[in-house]
Amino acid sequence: MDVLEFSPEPNDYTWTFGGAPPLHRVKPGTALRLWTEDAFCGRLRSTADLASASLTMPFVNPQTGPFYVEGAEPGDTLVLHFVELTPARSWGASATIPFFGGLTSTDRTATLQDPLPERTWIYEVDTARQTVGFQAQGSDLELALPINTMLGTVGVAPAAGEVRSSLVPDVFGGNMDTPEMKAGATCFLRVNVEGALFSVGDGHYRQGEGESCGTAVEGAMNVVLIVELLKTPGPAWPRIENDDYLAVVGSSRPLEDAWRVGQVDMVGWLSELYGLDKLDAYQLLSQISEVPLANVVDANYSVVTKVPKRLLPQVDAYSNIHVHLRELAATL
């Protein structure tokens, strides 16, 4: 298996999906060993560093990529299998940011409230214990929380020549902020442009479902992934498979529409896999779906529709490529 190692320099970062030339060309079947910067560009290093003074919009959420996948054509299915996601620093950062987050006035939900007070938290990484340390600033509470690494952003260039901010999730993937995008997961994305032009970034050392305040434990990440390409019609919305679940990520506003698009695509996926008509698939989904929130803070909200494999007959989704890539990952 070909292996590409790439650690971007600051001038290499991409701040959008679409509109940027590829940094590398890769063949399907290639493993990539990458480094990704955190959403704050590494600028929040202490509790004295505040987002309003340290960050420059729109230069947040830097992406590693894009990568041109040889042979990828519009309509194909890009497959990304995440082998390892490992903290690349001994600390992560989180923050409250003025007029950003799920429980404050925002530019989209405008009120006459003043913004919440700005604050930064630093989480120390304990590699031996595999924890990150929460330390309250208004009291003496300290907690060791398990590391649960994930990538907030995984996406391809959008269709129709669009250029979208790396803060936005949509049909192309992007800033979905779902904890389902973890090691051992396989992500399926529709290719919109020649070469797919995919990027990854926004590493989180852990994040609660919904990402309430708008920031996770943001941290630089060492990423190992395998790239594959299927000459089959790509999904309408990002799909994820792991050993236990099939999932679809829908992104939209209002929140119920993010839920709806994921549900509709899962109805279609169940129909494809099991030969069900629309109403039978709808009925089955109604009884077995799990629906965790991914984010309720980004430019679009993201909702995950999951179905547990244990409740379904065994089936080979996408020609069983998830199992194949899991086995291939073990050889790295």
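The values are calculated or read from the model by the stated rules, or taken from the named source; none is laboratory data. All values derive from a computational prediction rather than experimental measurement. Positions of Cβ are generated from backbone atoms using ideal geometry, with glycine treated the same way; all protein chains shown enter the neighbour counts. Remember, those area values only see protein heavy atoms, side chains included, never the ligands or the DNA or RNA. Shrake-Rupley method; radii C 1.70, N 1.55, O 1.52, S 1.80 Å.
Under 9 Å from the Cβ of residue 203, count the other residues' Cβ atoms, weight Lys and Arg +1, Asp and Glu -1, and hand me the total. Taking every other residue near residue 203 into account, the sum is -4. A simple charge model with +1 on the Cβ of Lys and Arg, -1 on the Cβ of Asp and Glu and nothing else charged puts the dipole of the chain at about 100 debye relative to its Cα centre. For the range 103-203, with all protein chains in place and a probe radius of 1.4 Å, 51% of the accessible heavy-atom surface sits on carbon or sulfur. The modelled label-to-label distance between residue 137 and residue 57, using points 7 Å beyond Cα along the C-beta direction, is 2.0 nm. Full extension of the chain between residue 9 and residue 145 yields a length gain of 45.8 nm, computed as 0.36 nm times the residue separation minus the alpha carbon distance.
The modelled label-to-label distance between residue 256 and residue 2, using points 7 Å beyond Cα along the C-beta direction, is 4.9 nm.
In the full protein context, the chain carries 44 Å² of accessible surface per residue, based on a 1.4 Å probe and ignoring ligands, DNA and RNA. Using Cα pairs closer than 8 Å and at least 6 residues apart in sequence, work out the relative contact order for the range 1-126, in percent. With pairs under 8 Å counted, the relative contact order is 27 percent. Peptides 312-322, 259-269 ranked from most to least packed give 259-269, 312-322, packing being the mean of other C-beta atoms within 10 angstrom over each peptide's residues. Using a probe of 1.4 Å on the protein chains alone, the accessible area found for residue 276 is around 50 Å².
In the chain, helical runs assigned H by DSSP with n ≥ 4 each contribute -39500 (n - 2.57); averaged across all residues and rounded to the nearest 500, the mean residue ellipticity at 222 nm is -4000 deg cm²/dmol.
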